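The values are calculated or read from the model by the stated rules, or taken from the named source; none is laboratory data. Just so it is clear, the model here is predicted, and its values are computed rather than measured. A quick note on method: Cβ atoms are made from the backbone with ideal geometry, for glycine too, and the neighbour counts reach across all protein chains shown. To get the accessible areas, we keep the full protein, side chains included, count just its heavy atoms, and leave off ligands, DNA and RNA. Shrake-Rupley method; radii C 1.70, N 1.55, O 1.52, S 1.80 Å.
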Amino acid sequence: MIEGTELWQPSDKRKAQAIVTRYLAWLKERKGLTFESYPELWQWSVTDLEGFWTSIWDFFQVRAQQPYREVLSDHGMPGTRWFTGAHLNYAEHALRRRDQHLAVISAGEDQQLATLTYGELYRQTASVAAGLREVGVGKGDRVAAVLPNIPQALVAFLATASLGAVWSSCPPEFGTRSIVERFAQIEPRVLIGVDGYRYKGKSHPCLESVAAIQDAIPSLETTLLVPH
């Protein structure tokens, strides 16, 4: 086997701070498992699937409203089911941190660099979730969004997920017809639209498109507008 030139090697400090380093120490302390190298750890992870994934669940402290009955129902692929019986919420885990540590960095064509801390992300998500709950959004309901890749899209997604609702989104440049064809299939209760976006230095207003989408999907009960 011919090996290429090594491109990068992490420093000892970086290795010491790595999550996998903490995971190896945790395995030794909690599970009595010692691995001298990454290849050894990898080999265990692909031969003892239940043991490895149980340790991942425990190490990352996954929270479940209902615990799992079994880790792996069947080793055959496709059709394997993982952690059957468990009920958990993605947003709860994504928002578990609520301090001043940086969570989001964003920049658009017409905007300066903007940031959100974990605390700010949590508070904004909680506010939007309260608004969605007020208009009747609950578990299994669909929320459709026509939003560019902006922080508000992340907040709206997390707010939707926190309620157990289903999220679907697409960018405004898809065009009204394509957006309607996509969203009408899932019969959303709420539409979240943006008033406009910029692309290649030009402003593209979206209010007429949002109104047309709203009129074309009978299941919609509420439309929320994000100023951008």
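Being in contact with a strand residue (DSSP E or B) (Cβ under 9 Å, 6 or more places away or on another chain) and not hydrophobic (A, V, I, L, M, F, W, C) is the filter here; which residues of region 142-174 pass it? Within region 142-174, Arg142, Pro148, Asn149, Pro151, Gln152, Thr160, Ser168, Ser169, Pro171, Pro172, Glu173 qualify. Of all residues in region 88-111, none satisfies being surrounded by 12 or more Cβ atoms within 10 Å (Cβ to Cβ) and more than 28 Å from Asn149 (Cβ to Cβ). Answer yes or no as to whether Ile179 is farther than 15 Å from Ala91 by Cβ, in contact (Cβ under 8 Å) with a residue 40 or more places away in the chain and buried (at least 20 other Cβ atoms within 10 Å of the Cβ). Taking the combined requirement at face value, the residue does not satisfy it. Out of all the residues in region 117-136, which are free of Cβ contacts under 8 Å to residues at least 60 places away in the same chain and either hydroxyl-bearing (Ser, Thr, Tyr) or assigned to a loop (DSSP other than H, G, I, E, B) (or both)? Matches in region 117-136: Thr117, Tyr118, Tyr122, Thr125, Ser127.
Taking region 123-174 as the range and being surrounded by fewer than 21 Cβ atoms within 10 Å (Cβ to Cβ), in contact with a His (Cβ under 9 Å, 6 or more places away or on another chain) and of a type in the set (A, V, I, L, M) as the test, only Ile150 passes. Enumerate the strands (runs of 3 or more DSSP E) found wholly within region 156-228, keeping only those where 3 or more residues are touching a helix residue (DSSP H, G or I) at 6+ places or on another chain (Cβ under 8 Å). Counting at least 3 such residues, we get 166-170, 190-194, 196-199, 222-226.
Quick check: anything in region 197-206 touching a residue at least 12 places away in the same chain (Cβ under 8 Å), open to solvent by 60 Å² or more (accessible area, probe 1.4 Å) and more than 25 Å from Val104 (Cβ to Cβ)? Checked against the condition, which is being touching a residue at least 12 places away in the same chain (Cβ under 8 Å), open to solvent by 60 Å² or more (accessible area, probe 1.4 Å) and more than 25 Å from Val104 (Cβ to Cβ), region 197-206 yields no hits at all. Quick one: is Val135 under 24 Å from Cys206 (Cα atoms) and out of contact with any helix residue (DSSP H, G or I) (no Cβ under 6 Å at 6 or more places or on another chain)? Considered against the rule, which asks whether it is under 24 Å from Cys206 (Cα atoms) and out of contact with any helix residue (DSSP H, G or I) (no Cβ under 6 Å at 6 or more places or on another chain), Val135 comes out as yes. Of the set (1) among the β-branched types (Val, Ile, Thr); (2) without any contact (Cβ under 8 Å) to a residue 24 or more places away in the chain; (3) in contact with a strand residue (DSSP E or B) (Cβ under 9 Å, 6 or more places away or on another chain), all apply to Val62 but (2).
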